[in-house]
Amino acid sequence: MINREKNLVSSSRADWRKLMLILLFGNIAAGIAFSEVMPFLPFFLRSLGHYSTKQLNLYTALIFSSTYFVAAFLSPIWGKIGDRYGRKPILVLSTLGAAFVLGALSFVTNAAELIALRFLQGVFAGYFTNTNALLAAEVPKEKSGNALGTLSTGFITGSLLGPTLGGIVSSLLNYRATFLITGFLLIIVFFINLFFVHESHGSSSDSASTGEKKQSSEYKKQAIIYCLFLNTLLIQMANNSIRPIQSFYVAHLMHHTGNVNLMNGLAVSAPGIVCLTTSSFLGKLGDRIGTEKILKAGLFMAILILIPMAFVTNVYQFISLQLLMGFSDAALIPAVSILLAKFTAVSHSSSTFSWNQSFQSAGIVIGPFIGSLVANLFGYQAIFLMGASLLFLLLVVNQMMSR
């Protein structure tokens, strides 16, 4: 009986590459769906009525932050459900719920309805977290860097393609048609998860060995996991503190002349392109030399890039540094996910990754407000120096934890 269970587990674990490819395709499609509506949401808002500049600024902030605000509180609940009943049901529910919410955006008639649906979207914002949790539970620990690094390229690819496709569709048709197409795309992802994603619900022998390891180093592992949550929070705060002012900073560097939109688009997409081509390689490298080293190297590189960003004199220097920042991005967030997978028991992977999403969402909400405050008080350049300071603090904390 025991041998039969072991054989079933071994067979399931042998299928992790197939599962990775299925989740990778789902991540690409979902990444496109979630990102293709983002660039024109402010313009769609403006088309819903006559709003003052102050109202537009407030409503836009609510539209972008509301989903992450709700996700920050509900993610741990989804995580507990995932650990108890399986990660696949969460993938199915989150894609189906998000499909109906995004499809419903095509029927809103005022700003209040739009904001309310964006809040509701946050309830179903557990898809990418649980694809990580599901794959982390199925893949052998020594291959988690390769698997999760590859999986992260799906989200990155979708996030890069989404805004372009959304812009094309909204130009050819209209904003409301784009929401309906987005909902349909998520319905496809729903069926992919429903029929093609399978999970083994973990290994009993795995759980036992994990339990023995936890008994001997419970405090150390918990401390590392909390430290990784802190990494996620501060990395997201540093990254997202820059985003609200980036277009203004590009315009400032160009002296408000020339094709600012084009240059800003290049500056936004540059890190993603590099990240897409390197994150899988860095995941494999982390399996060989240690993911902790990849994380520290990513932090150190980001600090070295952010400081000169504050002192660039033209937009081409800024875009060049953004390209280099892609190497850092390819190391940081995937490395945190990989380390969480390595230090978390299979039976708690959904809870751990969901808590990580809570800290990620909190960083996404807090970062823009801090960035705007710093920019108003000290100017654009100060935001880059603040981001470098946050990452330097992380580097010191991580070094202390590794001793």
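The values are calculated or read from the model by the stated rules, or taken from the named source; none is laboratory data. If you're wondering where the values come from, they're calculated on a predicted model, not measured in any experiment. Because the Cβ atoms are built from the backbone with ideal geometry, glycine has one as well, and the counts that use them run over all protein chains shown.
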Hits in region 289-304 (condition: surrounded by fewer than 22 Cβ atoms within 10 Å (Cβ to Cβ) and aliphatic (A, V, I, L, M)): Ile289, Ala297, Met301, Ile303, Leu304
Verdict on Ser171 being in a helix (DSSP H, G or I), free of Cβ contacts under 8 Å to residues at least 12 places away in the same chain and small (Gly, Ala, Ser): yes
Neighbours by Cβ (under 7 Å, 6+ apart or cross-chain): first from region 87-99, under 16 Å from Ile77 (Cα atoms); second surrounded by fewer than 20 Cβ atoms within 10 Å (Cβ to Cβ) and charged (D, E, K, R): Arg87/Glu199; Lys88/Glu199
Residue ID - farthest from Val374 (Cα to Cα), chosen from residues in region 320-345 that are over 21 Å from the mean Cα position of the chain (by Cα) and at pLDDT 90 or above: Ser320
Subset of region 283-320 [outside any helix (DSSP H, G or I) and either touching a residue at least 60 places away in the same chain (Cβ under 8 Å) or closer than 19 Å to Gly387 by Cα (or both)]: Ala310, Phe311, Val312, Thr313, Asn314
Index of the failed condition, Leu339 passing every other in (1) hydrophobic (A, V, I, L, M, F, W, C); (2) in contact with a Phe, Trp or Tyr (Cβ under 6 Å, 6 or more places away or on another chain); (3) crowded, with 21+ Cβ neighbours inside 10 Å: (2)
Where a residue in region 39-54 is over 18 Å from Ser65 (Cβ atoms) and its partner, wherever it lies, is of a type in the set (A, V, I, L, M, F, W, C) and at pLDDT 85 or above, with Cβ under 9 Å and at least six apart: Leu48/Val108; Leu48/Ala111; Leu48/Leu114; Gly49/Ala111
Spans of helices (runs of 4 or more DSSP H) in region 34-142 with at least 3 residues buried (at least 20 other Cβ atoms within 10 Å of the Cβ) and in the same structural domain as Phe229 (by TED's automatic domain parsing): none
Val374 more than 29 Å from Lys88 (Cβ to Cβ) and part of a helix (DSSP H, G or I): yes
Residue list for region 225-246, restricted to those being modelled with pLDDT of 75 or more and either part of a loop (DSSP other than H, G, I, E, B) or under 13 Å from Gly371 (Cβ atoms) (or both): Gln236, Met237, Ala238, Asn239, Asn240, Ser241, Ile242, Gln246
Selection from region 196-222 of residues that are surrounded by fewer than 17 Cβ atoms within 10 Å (Cβ to Cβ) and modelled with pLDDT of 85 or more: Phe196, His198
Selection from region 138-152 of residues that are modelled with pLDDT under 85 and closer than 28 Å to Phe69 by Cβ: Ser152
